Amino acid sequence: MFPSTSPATSADAGAPDDDDLEEIEITPVRPALSVAIAVFSGLVGIGLIFGAQSSSPGARVPFALMLAGVQVLFVLAWLMATRPPALLAVGGVCLVVAGWSDLHAVRAAEPGLGTLGLIGLAGVAVAVVSQAIRSDDRRRISESLRSTLVLVLGMVAFASLVMLSRIPLGTQVILLCVTASAVALMVARIADAVYPNPRLAPQVPRGASGVIFGAMAGTLLSAVIGSYLFTFSPSSAAVVGLVAAVFAVLADLAADYSEAGRQMAGDRPTLWVARHMQGPLGGFALAAPAAYAMTVLFLT
């Protein structure tokens, strides 16, 4: 009454065809590139540390000028990597927000992140409005909102380091957090050059061992430095360093995931230098407000 179906036919019907299976391409890890990114991370960290150590109650402008250079690098790298709609307008808004936030951090009567947050929100609003002017840009606003937020708020995040230097413990916290972030980024990248396993994703040329070892190395060095600072103990310095190191390596890793996602979506490759600078710069940008929060909530 009913047509008979052999077991072989049923199995064949449910089995996927070989042609339907797509082989996942594994992105190779380039050791020389990983080492170069590690060197870049170390150079940025050294610049931030020396800039913070050169600041004093009456002379914070040199530190702000040095941070302005890092902010310009951040804008250029992330603009070229993410290519948001109304690219020039967004870049101009970011530079204005950078100058405004740096100036406020230097001249504010009392240190605090409230006004800096308002500056960042105002910058995001202006950037989104500039993207809504043209119809071609308007259609891409929703998909580029995350990159716009990162670009604008990254300017305010770096300015928080100037604000942090105005707190009594701020300069020492900057030393701990920037050192932990720089070492974590460097160790993570060098570990990727030596042993990039286990792979976190086939399309992302990073290994879990690098992320873990980087965070551990940054925390350990913070504890060692804290043992030589009068106002810190090894345990308190380790906690501060741990937070900064974890934030830095996770932001760096998130930038690699975003780049892999853009390439999988069919976007054309971005400028080579910008593509590999955005991760470390994003790591320092995220670690900066984390350092301020740790100072206010944990150390005072």
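The values are calculated or read from the model by the stated rules, or taken from the named source; none is laboratory data. Only a predicted model underlies this, so the values are computations on that prediction, with no experimental measurement involved. Reconstructed Cβ throughout: ideal geometry from the backbone, glycine too, with neighbour counts over all protein chains shown. Each accessible area value is taken on the protein alone, full model and side chains, heavy atoms only, with ligands, DNA and RNA left out. Shrake-Rupley method; radii C 1.70, N 1.55, O 1.52, S 1.80 Å.
Quick notes
- The order of the peptides 78-90, 199-211 by mean Cβ neighbours within 10 Å, most packed first, is 78-90, 199-211.
- Three-way shape label, region 64-213, alpha-carbon gyration tensor, a/c 1.5: oblate
- Distance between the modelled labels on LEU229 and VAL61, one decimal in nanometres: 2.8 nm (7 Å Cα→Cβ projection).
- Exposure check, 1.4 Å probe, all protein chains in place: GLU143 carries approximately 140 Å² of accessible surface.
- Mean residue ellipticity at 222 nm, helices only, the chain: -25000 deg cm²/dmol; runs of at least 4 DSSP H residues each add -39,500 (n - 2.57), and the sum is divided by the number of residues.
- Helix 234-264 axis versus longest C-alpha principal axis of the chain: approximately 40°, rounded to the nearest ten.
- Accessible surface of region 98-184, 1.4 Å probe, proportion on carbon and sulfur as whole %: 64
- Alpha-carbon centroid distance for the pair region 24-82 / region 174-198, whole angstrom: 14
- 0 to 90° range, to nearest 10: angle between helix 114-131 axis and the chain longest Cα axis: 40
- Structure-derived Cα Rg over 2.2 N^0.38 Å - corresponding label in (1) 1.25; (2) 0.93; (3) 1.18: (3)
- Solvent exposure of the chain as accessible area per residue, Å², 1.4 Å probe: 49
- Charge dipole (the chain, unit charges on Cβ, about Cα centre) - positive-most of LEU250, VAL162, ALA191: VAL162
- Oblate is the label for region 158-292. Its Cα gyration tensor axes, ordered a ≥ b ≥ c, give a/c of at least 1.5 and b/c at or above a/b.
- If you run the Gaussian network model on the chain, springs between alpha carbon atoms under 10 Å, then out of ILE46, ILE174, ILE26 the most flexible one is ILE26.
- Peptide packing for 220-228, 288-296 was compared via the average number of neighbouring C-beta atoms within 10 Å per residue; ordered from the highest value, the list is 288-296, 220-228.
- Separation of the MET264 and ALA132 label points, Cα + 7 Å toward Cβ, nm: 3.2
- Net charge in the neighbourhood of VAL35 (other residues with Cβ under 11 Å of its Cβ; Lys, Arg +1, Asp, Glu -1) is +1.
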